1. Restricting to region 72-114, count the residues that are part of a strand (DSSP E or B) and out of contact with any helix residue (DSSP H, G or I) (no Cβ under 8 Å at 6 or more places or on another chain).
2. Out of everything in region 222-241 that is part of a helix (DSSP H, G or I) and under 21 Å from the mean Cα position of the chain (by Cα), what residue ends up being farthest from Gly152 (Cα to Cα)?
3. Among the residues of region 156-171, is there at least one that is among the basic types (Lys, Arg) and buried (at least 21 other Cβ atoms within 10 Å of the Cβ)?
4. Among Ala206, Ala197, Ala281, which is buried (at least 22 other Cβ atoms within 10 Å of the Cβ) and assigned to a loop (DSSP other than H, G, I, E, B)?
5. Can you report the number of residues in region 218-269 which are among the acidic types (Asp, Glu) and touching a strand residue (DSSP E or B) at 6+ places or on another chain (Cβ under 8 Å)?
6. Of all residues in region 50-81, which are within 25 Å of Asp261 (Cα to Cα) and of a type in the set (Asp, Glu)?
7. Determine, yes or no, whether Tyr55 is touching a strand residue (DSSP E or B) at 6+ places or on another chain (Cβ under 9 Å), in the same structural domain as Arg235 (by TED's automatic domain parsing), buried (at least 17 other Cβ atoms within 10 Å of the Cβ) and of a type outside the set (A, V, I, L, M).
8. Tell me whether region 283-290 contains one or more residues that are farther than 28 Å from Asp54 by Cβ and not β-branched (Val, Ile, Thr).
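The values are calculated or read from the model by the stated rules, or taken from the named source; none is laboratory data. In this text the structure is predicted, and so the values were computed from the model without any measurement. Virtual Cβ from ideal backbone geometry, glycine too; neighbours counted across all protein chains shown.
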Amino acid sequence: MPAPTERPVVTVLCEQATDRPPGLEELKGVEFRYCDAAGLKEAVQGSRALLLWDYFSTAVRNVWDEAGTLEWIHVTAAGVDTLLFDELRDSDVVVTNAHGVFDRPIAEYVLGAVIAHAKDSRTSFEYQTQHEWRHRETRSVRGAKAVVVGTGGIGRAIARLLKVVDVEVRGAGRVAREADPDFGAVVASSNLVREVADVDYLVLAAPLTPATRGLVDETVLAAMKPGAHLINIARGPIVDEPALLKALQERRITATLDVFDREPLPPDHPLWDAPGTTITAHMSGDVLGWRETLANQFAANLHRWLAGDPLLNVVDKKLGYIPSGAR
């Protein structure tokens, strides 16, 4: 067992030993222990806080019996679905996330996907690779309709940016409501199949919870109008992937996909070659400097923790995200 120390211990879980958060060595008042998943069981013993720099790791549940001194876990991601498990939910351990860091970058990614689809950029690239000059007409985004599933910070940033180019946006969330400052109208995501018939863009920006897992299923995909475009920057399991593949292969819809059921997406997966599909490697929020931003956000919360002040970005562990009223 690690030797006791007078300073509080903060364990930092890294995917690789060489990929450490920048700038932590400058922080005073704590002892940092760095480890990968294999070393977490030993490193977490006696730790009062845990920083998940390896933000998709599921290793915490495997060492929970050794984590009895933990008070706080910070996840350097907006989604906490890969972290949460029943024992953690029922404990007094506070969970915080990277709320706010990825809002604007992901909104820019979505706007880029909307414009690329409207301007048929995939076809232009194909003609370019063939050295073929092919004049044609494309669409305007003005007046296009979008539904953004997820009314948290990322969904709101998406709505605001799409409105700048005159896309008509409404939101979909747990509870329907009117007069929302960013969406105007918010429809119930449980009624999504009734809301997608007229949309040009269905954007998924919701956390993965029991309520959203498989939300976009075969019936929702079938209800989308021909030629509509699905954009998923949330989590892969929100979509029924086999049903999506079928809809794409039948050329009923097109898609921009940044997240998948299994990541990395296997090289032989049929989605790679699905018609009208753009695939990126779970990178919609990763702009230059994002690691420094995440480290700085954690450092600010660490100072609050050491001072005994309330932490920022506290996740409701039962819901799996930060409720809008708590932000």
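1. Residues that pass the stated criteria total 2.
2. Glu241
3. Taking every residue of region 156-171 in turn, at least one turns out to be among the basic types (Lys, Arg) and buried (at least 21 other Cβ atoms within 10 Å of the Cβ).
4. That would be Ala206, the only listed residue that is buried (at least 22 other Cβ atoms within 10 Å of the Cβ) and assigned to a loop (DSSP other than H, G, I, E, B).
5. Residues flagged as among the acidic types (Asp, Glu) and touching a strand residue (DSSP E or B) at 6+ places or on another chain (Cβ under 8 Å) within region 218-269 amount to 2.
6. Asp54, Asp81
7. Taking the combined requirement at face value, the residue does not satisfy it.
8. No.
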